[in-house]
Amino acid sequence: MNTSVIRAGIVALALAVLAGCASRQYQATTVVAVQESACQQTFRQWQAMVEAGNHFDAQTWSPPGFPYLRVNRLLASFQVARLDSAQRQEWLKRAQQLALTAWQYEAESLGGTAEQRLPALQRCARLAAETLMEQEDAWAQLQQAMQIPDDYNNVGRALGAYPLVAPVVRWRAGVVMGELMDEFGHDQPEAPLAIYLPRAGTTELDRFVVRSAQARSELGIPVFTPAEREALVARYAPAWVVETASKDDIPGRPGRSANGALDFRPEPVVFSQMVFTRFQGDVLPQLVYTLWFPRRPAESRFDIVAGELDGLVWRVTLGADGQPLIYDSIHPCGCYHTWVLAPGGLRPKGEPGFWEEPLWIAGIAPEADGGVVLHVSAGSHYLMNVTADVPETKLVPQRYGLEPYNNLRGPSRAGQRLFDESGMIPGTERSERFFLWPTGVPSPGAMRQWGSHATAFVGTRHFDDAWLLQEYFRKAE
């Protein structure tokens, strides 16, 4: 066969696979509830400016036809057509705030005079929301438009013979994750340890327990002031015990330089956020902590999981009483999703079906008055243990700072944006993508932005799925 024909076939296959990825970028369609022609033009011009370069902020979904709204998977979990007037008002306010936040980071990325367009966008969004409140039929359209596409490539799965590949991948995942589960709690570090403790802060836990149990919005979402959020995040911030074999195990701040190259600056910093999930009729707060490393070094010449940037994401789900219900962790690629049960908290309902990836449960965390201690391996940065106390050592612990995760969304201190318009971090690709693309996960192993973490190679599962706990867990008996 002619080599040019082969190359053309490869290119066509690649384009087909890429085309199967659902884009979160702005989509041209009929605009709903925007009556002023000037506002329609305002939204069109903004979208054109953003799409002209790598400026789209992919952390939230822009519902087609509703350019003045953004949603995350929590907001998308509500049946908006069934909400009452007060609930719709709150839902719109939250969706508009997400849109404004995304516009702000897009404006920072655009630079120049882009920020001067924000007041007009905000005004038009307010007018559109007022109109939307009066158009009952539009809410049915919104219900459909706001459904966030999953982070899987169905074309890739079709071309990659997914039904044949999935059982093999499931078996291999069982080997890798099974070994990690067996080693959990039995780690024997060979390299020196570095201990990172959160900076001391003042918290008023009793008040937070009361507020988290009683203060709810119209949508049932817990209500916290900014100061309360900050104190609650500080309360459950973990300590990190990191096996440190090389500079690749020293945490820091990821960024991108003016020439587009990744730029990592060693610094004791953890990026945190409060998000929400749903469980048995309640909306529950989740505290998320992300620690970054410069890279995952290769252990051999053909290490397919090595590459630039690595990290660990730790999540604490709090119950209505303000106490931990369950813990879980991933790497920023969405890989290695590990659950750690909380004493008296949630328990798995049972094993998922054959066409789903199992739940990888490492064990039960100890009782802890606040944040637990996370033990992290050198190189691979696996979560190896969760304890209540740091190990006895003569080393002086370092204090790390907590910063909002949103600090990663705009241009970094090094110059350019870390994430691209699809929510990926270019330059962090792994060789495993050449083997795992039939699973439908785009660029397996590459680091991702919050909201873009597919966590299973078999089936579909998302780290920020608002119904994740509801589907797989129950309250302890």
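The values are calculated or read from the model by the stated rules, or taken from the named source; none is laboratory data. Source: prediction; values computed, not measured. Here the Cβ is made from the backbone with ideal geometry for all residues, glycine too, and neighbour counts use every protein chain on show.
Computed values, structure above
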item: Within the range 254-277, tally of residues that are closer than 13 Å to Ile425 by Cβ, under 22 Å from the mean Cα position of the chain (by Cα) and not hydrophobic (A, V, I, L, M, F, W, C); result: 4
item: In the range 184-198, the residues that are in a loop (DSSP other than H, G, I, E, B) and either among the hydroxyl-bearing types (Ser, Thr, Tyr) or on the phi > 0 side of the Ramachandran plot (or both); result: Gly185
item: Test for Ala454: is it closer than 23 Å to Gly307 by Cβ and in contact with a Phe, Trp or Tyr (Cβ under 8 Å, 6 or more places away or on another chain); result: yes
item: Of residues in the range 378-437 being among the basic types (Lys, Arg) and within 23 Å of Val169 (Cβ to Cβ), the one surrounded by the fewest Cβ atoms within 10 Å (Cβ to Cβ); result: Arg433
item: Only one of Met177, Met181 that is in the same structural domain as Pro442 (by TED's automatic domain parsing), in a helix (DSSP H, G or I) and out of contact with any strand residue (DSSP E or B) (no Cβ under 7 Å at 6 or more places or on another chain); result: Met177
item: Any strands (runs of 3 or more DSSP E) falling wholly within the range 302-376 and containing at least 2 residues that are under 19 Å from Ala173 (Cα atoms); result: 324-330, 338-341, 361-364
item: Lone qualifier among Val283, Val241 - being outside any loop (DSSP other than H, G, I, E, B) and under 17 Å from Leu197 (Cβ atoms); result: Val241
item: Filtered residues of the range 153-174 (kept if part of a helix (DSSP H, G or I), of a type in the set (A, V, I, L, M) and out of contact with any Asp or Glu (no Cβ under 8 Å at 6 or more places or on another chain)); result: Val155, Ala158, Leu159, Leu164, Val165, Ala166, Val168, Val169
item: For Arg399: the one exception among (1) of a type in the set (Lys, Arg); (2) part of a strand (DSSP E or B); (3) modelled with pLDDT under 95; result: (3)
item: Neighbours by Cβ (under 6 Å, 6+ apart or cross-chain): first from the range 20-33, at pLDDT below 90; second charged (D, E, K, R); result: Gln25/Glu421
